[in-house]
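The values are calculated or read from the model by the stated rules, or taken from the named source; none is laboratory data. Please read these numbers as outputs of a predicted model, since none were measured by experiment. Methodologically, a virtual Cβ is constructed for each residue, glycine included, from the backbone with ideal geometry; neighbour enumeration extends over all protein chains shown. Heads up: the accessible areas ignore ligands, DNA and RNA and are worked out on the full protein's heavy atoms, side chains in. Shrake-Rupley method; radii C 1.70, N 1.55, O 1.52, S 1.80 Å.
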Amino acid sequence: MTMLWRNTLLSLSLGLVCTQSFALTIDQAWTAAKHTSPDYRIKQLEESQSQYGVSLSKSALLPSLQAGASTGWTKGSGNNNGYNISLNQSIWNSQNWTALDQSQVDVVIAKLAITQAKNTLAEKLIQAYFGLAQAQRSLTIAEQQHKDSQQLLSLTEQRYKAGLIMSTGIDDAKAHVIGTETTVLQRQSDLVEKQSNLAIVINQTPDRVNEINSQNLHQPALAVNDEKAWLNKAKDNSPELLSAEQNVKRQQLAVDQAQAGYYPTVNGSVGYNNNFDNNNEGLNASLGVSIPIDLNGAIKTKVSQSKLELQIAKQQLRKVKLELENNVKTRFNQLALDWKRVEMGMEKVKSDEKALKTKEILFNSGADGTTALDVINVQDTVYRSKEELQQLLYQYWLNRIELLKLAGQLDDQTIAQISQALMP
């Protein structure tokens with residue numbers, strides 16, 4: 001009776017997990033992630049904000065117009081009413097021009113930050129999506145093992161009733177059924193956790209996702225199969241590297257701006273004023289030159305400080321280059337090794353399945369003293385090999401995704417290509 005209730009509860013639990021509608025595709029998940037991610041949206045807003053910085057820098061180079069009016073009274077003179085208009089123009093100010101260049105670099109950096117955020121979001125989504133797909137596959141493997149363990153228990157009971165084996169065989173088979181039930185429940189718990197991880201990224205709870213097509217496995221082709229080509233891709237497209245290069249450019253402009261503090265500035269203005277009470281009006285123009293004298297050493301300090309910041313930016317760029325080159329080489333060479341492990345995993349599954357089939361034949365025939373425990377041990381080996389194979393397969397794809405991220409290739413087109421490797 002206890003076994004009957006356990007099987008009933010397990011079947012109901014499996015029904016709740018496996019009763020699925022349509023699987024959520026990775027394209028749908030990617031669309032949802034882009035609309036949901038606050039980090040990605042923040043980078044988009046910061047890029048718009050940087051455009052205003054350019055406008056503000058340009059405004060410092062354009063003329064400004066001011067108007068004013070006044071009214072007053074003084075003893076002996078009476079009322080005094082008038083207005084004035086003045087047009088001011090910065091004729092030359094090196095710092096303003098450098099500030100414009102800096103603001104334009106800031107726009108480029110902000111756009112690269114969007115690309116970087118998109119790359120990071122895509123990697124986060126794929127990891128969560130693949131995590132759920134792997135959990136689904138693990139549950140399927142555990143369910144199949146549980147089904148096989150039940151069949152073995154049924155066969156063992158038949159052989160015991162026929163007087164062909166001892167009762168210890170039934171005990172071993174029952175213990176194995178309980179063990180596989182525990183595994184199924186653990187896989188269900190893992191599945192719920194992975195669903196939650198993906199839900200955080202896309203702001204909706206998925207029932208199912210597509211899985212990597214594990215039928216007729218063959219190594220998918222890379223866009224390029226040369227390490228040097230991948231290094232060139234990374235150098236040309238990596239948002240981290242391009243941002244570091246732009247930061248060096250920005251710091252060089254900061255040095256130029258600090259040095260411009262030594263240069264004179266030229267300003268001009270044209271004004272008109274009118275006093276109603278005295279019938280006094282006038283048009284005036286002026287041209288002014290300001291020559292800074294660094295008496296307190298403030299300009300020199302700013303120049304020295306900006307030069308140090310430039311050296312820091314150059315070292316940061318060097319660090320990014322070294323890490324990028326090392327990571328690209330490591331990921332590229334690791335892919336070939338990872339696929340060899342997948343191929344070895346496939347061969348191991350085939351070998352273990354062949355060994356299981358032999359053991360089952362021997363057990364069914366009663367030859368060679370093969371016991372239920374012998375079959376259980378080989379059966380465990382088979383399903384452990386299947387679990388390890390799917391782990392190797394998903395790890396290969398995650399390393400492949402990391403290589404694409406390093407090369408700045410995690411975009412809409414890449415997501416569409418990945419979807420072709422998935423199946424419901």
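So here's what we get for this one:
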read-out	value
Q66 vs. criteria surrounded by 10 or more Cβ atoms within 10 Å (Cβ to Cβ), over 30 Å from A199 (Cβ atoms) and modelled with pLDDT of 90 or more	yes
Search result, residues across segment 41-63 that are touching a strand residue (DSSP E or B) at 6+ places or on another chain (Cβ under 7 Å) and open to solvent by 90 Å² or more (accessible area, probe 1.4 Å)	none
Options T168, T265; residue that is modelled with pLDDT under 95, open to solvent by less than 50 Å² (accessible area, probe 1.4 Å) and β-branched (V, I, T)	T265
Sole exception among (1) at pLDDT 95 or above; (2) over 25 Å from Q186 (Cβ atoms); (3) aromatic (F, W, Y) for Y160, by number	(1)
Any hit, segment 283-305, residues being surrounded by 13 or more Cβ atoms within 10 Å (Cβ to Cβ), touching a strand residue (DSSP E or B) at 6+ places or on another chain (Cβ under 6 Å) and either over 20 Å from S86 (Cβ atoms) or not polar (S, T, N, Q) (or both)	no
Residues being surrounded by 20 or more Cβ atoms within 10 Å (Cβ to Cβ), among the polar types (S, T, N, Q) and under 17 Å from A175 (Cβ atoms) - total across segment 136-150	2
Residue ID - nearest to the chain's Cα centre (by Cα), chosen from residues in segment 389-405 that are of a type in the set (A, V, I, L, M) and open to solvent by less than 20 Å² (accessible area, probe 1.4 Å)	I401
Residue in segment 69-116 that is surrounded by the most Cβ atoms within 10 Å (Cβ to Cβ), counting only those that are of a type in the set (A, V, I, L, M, F, W, C) and at pLDDT 95 or above	L112
Every pair of residues 6+ apart whose Cβ atoms lie under 6 Å, when the first sits in segment 373-392 and is free of Cβ contacts under 8 Å to residues at least 40 places away in the same chain while the second is among the acidic types (D, E) and in a helix (DSSP H, G or I)	T381/D352; V382/D352; V382/E353
Every residue from segment 335-370 that is touching a Phe, Trp or Tyr at 6+ places or on another chain (Cβ under 9 Å) and either closer than 18 Å to L222 by Cβ or of a type in the set (K, R) (or both)	L335, D338, W339, R341, V342
In segment 239-258, residue modelled with the lowest pLDDT [restricted to those that are touching a Lys or Arg at 6+ places or on another chain (Cβ under 9 Å) and of a type in the set (S, T, N, Q)]	Q257
Candidate set from segment 374-388 (those that are open to solvent by 20 Å² or more (accessible area, probe 1.4 Å) and out of contact with any Ser or Thr (no Cβ under 8 Å at 6 or more places or on another chain)); member that is farthest from Q28 (Cα to Cα)	D374
Filter pass, I361 being in a helix (DSSP H, G or I), of a type outside the set (F, W, Y), on the phi < 0 side of the Ramachandran plot and crowded, with 18+ Cβ neighbours inside 10 Å	no
Pair list, Cβ < 7 Å and 6+ apart or interchain, from segment 44-68 residues that are in contact (Cβ under 8 Å) with a residue 24 or more places away in the chain and part of a helix (DSSP H, G or I) to residues that are open to solvent by 30 Å² or more (accessible area, probe 1.4 Å) and of a type in the set (D, E)	S50/D106; G53/D106
